[in-house]
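Working notes, structure below.
Each value in this text was obtained by applying a stated rule to the coordinates, not by laboratory testing. Just so we're clear, the structure is a prediction, and the values are computed from it rather than from any experiment. Glycine also receives a Cβ, built like all others from the backbone with ideal geometry; neighbour counts cover every protein chain displayed.
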Amino acid sequence: MPQRDRAPDVVRIVEGVSGSVEMLGVLRLRFDYGNIVPWIRRTDGHRVAVAGPDSAWLRSEPEVPTRGEDFSTRSEFTVEAGQKVAFVLTWHPSHEQRPRLVDPHEALRHSLADWREWSARCRYRGPYRDAIVRSLLTLKALTYAPTGGIVAAPTTSLPEELGGVRNWDYRYCWLRDSTLTLNSLLELGYEEEAGAWRDWLLRAVAGDPADLQTMYGLAGERRLTETELPWLAGYERSYPVRVGNDAVSQLQLDVYGEVIDSLYAARHGGLRGKPHAWNIQRCFLDFLRDHWREPDAGLWEIRGPRRHFVHSKVMAWVAADRAVRTLEHDPSLDGDLDGWRAIRDEVHRDVCERGWDAERGTFTQYYGSRELDAAVLLIPRVGFLPPDDPRVVSTVDAVRRELAADGFVRRYSLEPGTTPVDGLTGGEGTFLACSFWLADALHLTGRTKEARELFERLLRVRNDLGLLAEEYDPVAGRHLGNYPQAFSHIGLVGTALLLSGGDTAD
């Protein structure tokens, strides 16, 4: 998949190593999520598939005869030792003339050189360099270059449980990923990418703070209406298949903290400031002053009733805390220092009083609940409480005891026969980002040996390409959910840096 500044190409090169091998190629094109069979014609040495606004152009070097069969394009050819046969498939707007020709062999050479040059910029020199670089390459590949937006995953509706209904469209940019992404890119020497992501963020969130969304399109689009595609059976019969995501309309208070924390990280990470960035943060704090006490849908985009999720309140505290720190560092900025300190203190008291279960010795999923949520593992990571606070240590132990199996952590309880907080049927796999959070929490609470063992166990579940999906089934030994998942790879990078103390070259 060559780097591009135009319509996308997919290149496949078949190389004969020894002997003589007969090959069969089949191209079965469908547009509109498999709903439209295009017309195919021959022109200018290509097989061209056209339907509505879309066209796809296929050619080979040297030219390989093709024929139509069963609504597909088939080619049969023989490759001898030392021979290369290349295929180039290009998407192109159907109303435009033929796309520019791509030299497949030069495209391969250029792609390899470009990726190697980019990965060599990584400043990390510690024991996990290979894993970090592979995850960074994944995040770079998930970036939409024209805008700087980083998509959560390039897929939709890959199931969190085979045959289940938790099949969501993740082809959007989530604000919850922003702080961890920025911190990782800045620490590892990728200021240009961090700056592009920060600028995307500022454009996406512009407007009334009350309209802040948890996710946006690659260019900051806001209308992401969820639709089911009944003509598709789903991966291994897991349906419905969805495009769009209705979570876009939810109130999620944590995103205000995540945006402010991201901009705080950008300022202190050395990115050149944007004058309007501080104004956005002030507006967000004004909104939180009036709304942080409200219930919301939480980090996990619960589709049931709104609740007072502990993680959401903690991130409201983060918003006020980072704003206070910014003003303390730069008193020339305009802001309500005393008022924001008061919000910070009030939120902290509220969480410690209403989100703490003294009987069980743990922070809970939401006020009044006895359920656990892996998101509370982030409490020491964001600085809400110090890692050696007994409440932090006992919370980590509770999550480890009740939500983890051999270190693989579920987001929250989905016990058979009970109605989970999300109101959906069925279950899901263990959540890989949460498993990295457990490793972080173990390290921060002084159990570094156990944290390192867990981290290295998580590294072993990567597939042969070094990639991670959203979730993992430790019993079946297979990945679940959309793939590859930025959230999982961001978690990997963050844990590797924490365990190795950074180990970056100046």
- Go through the range 42-108 and name the chymotrypsin sites (Phe, Trp or Tyr not before Pro) that are in a DSSP coil and have 14 or fewer other Cβ atoms within 10 Å of their Cβ. Phe71
- Query: Assuming R0 = 60 Å, what is the FRET efficiency of Arg349 and Asp32, from their Cβ-Cβ distance, to the nearest 0.05?
  - Reply: 0.65
- Angle in degrees between helix 390-402 and the longest Cα principal axis of the chain, rounded to the nearest 10: 40 degrees
- Message: Can you list residues from other chains, or at least 5 along the same chain, whose modelled amide H is less than 5 Å from the amide H of Thr362?
- Response: Asp357
- Extreme residue, positive dipole direction of the range 124-499, given options Gly164, Pro209, Pro484 (C-beta unit charges): Pro484
- Query: Taking the Cβ-Cβ separation of Glu15 and Glu359 as r and a Förster radius of 51 Å, what is the calculated FRET efficiency to the nearest 0.05?
  - Reply: 0.20
- Going by the alpha-carbon gyration tensor, a ≥ b ≥ c the square roots of its eigenvalues, is the range 79-178 rounded (a/c under 1.5) or, if a/c is not under 1.5, prolate (a/b greater than b/c) versus oblate? oblate
- Message: What does the C-alpha gyration tensor say about the overall shape of the range 417-480? Classify as rounded when a/c is under 1.5, otherwise prolate if a/b is larger than b/c, or oblate.
- Response: oblate
- Item | Inter-probe distance in nm under a simple model that places probes 7 Å from Cα toward Cβ, at Arg222 and Arg129 | 4.6 nm
- Message: Using only DSSP helix segments of four residues or longer, with each worth -39500 (n - 2.57), what per-residue ellipticity at 222 nm results for the chain after dividing by its residue count and rounding to 500?
- Response: -11500 deg cm²/dmol
- Query: How would you classify the range 8-129 from its alpha-carbon gyration tensor, with a ≥ b ≥ c the square roots of the eigenvalues: rounded for a/c under 1.5, else prolate if a/b is greater than b/c, otherwise oblate?
  - Reply: oblate
- Karplus 3J(HN,Hα) series, Hz, for the range 334-349 with 6.51 cos²θ - 1.76 cosθ + 1.60 (x for Gly, Pro): 8, x, 9, 4, 5, x, 6, 4, 5, 4, 4, 5, 5, 4, 4, 4
- The set of residues whose placed amide H lies less than 5 Å from the amide H of Arg222, leaving out same-chain residues fewer than 5 positions away, is Gly217
- With axes computed from alpha carbons, what is the tilt in degrees of helix 486-499 against the longest principal axis of the chain, rounded to the nearest 10 within 0 to 90? 60 degrees
- Message: Using each residue's phi in the range 313-323, evaluate 6.51 cos²θ - 1.76 cosθ + 1.60 at θ = phi - 60° and report the 3J(HN,Hα) Karplus result to the nearest Hz, with x for Gly and Pro.
- Response: 5, 4, 6, 5, 4, 4, 4, 5, 4, 5, 5
- Query: If Lys and Arg each add +1 and Asp and Glu each add -1, what is the summed charge of the other residues whose beta carbon sits under 12 Å from the beta carbon of Leu459?
  - Reply: +2
- Taking Cα atoms only, helix 129-141 is inclined relative to the longest principal axis of the chain by an angle, in degrees rounded to 10, of 70 degrees
- What size of dipole, in debye to the nearest 20, comes out for the chain about its Cα centre when the only charges are +1 on Lys and Arg C-beta atoms and -1 on Asp and Glu C-beta atoms? 660 debye
- Message: Could you compute Rg(Cα) / (2.2 N^0.38 Å) for the range 258-360, with N its residue count?
- Response: 1.16
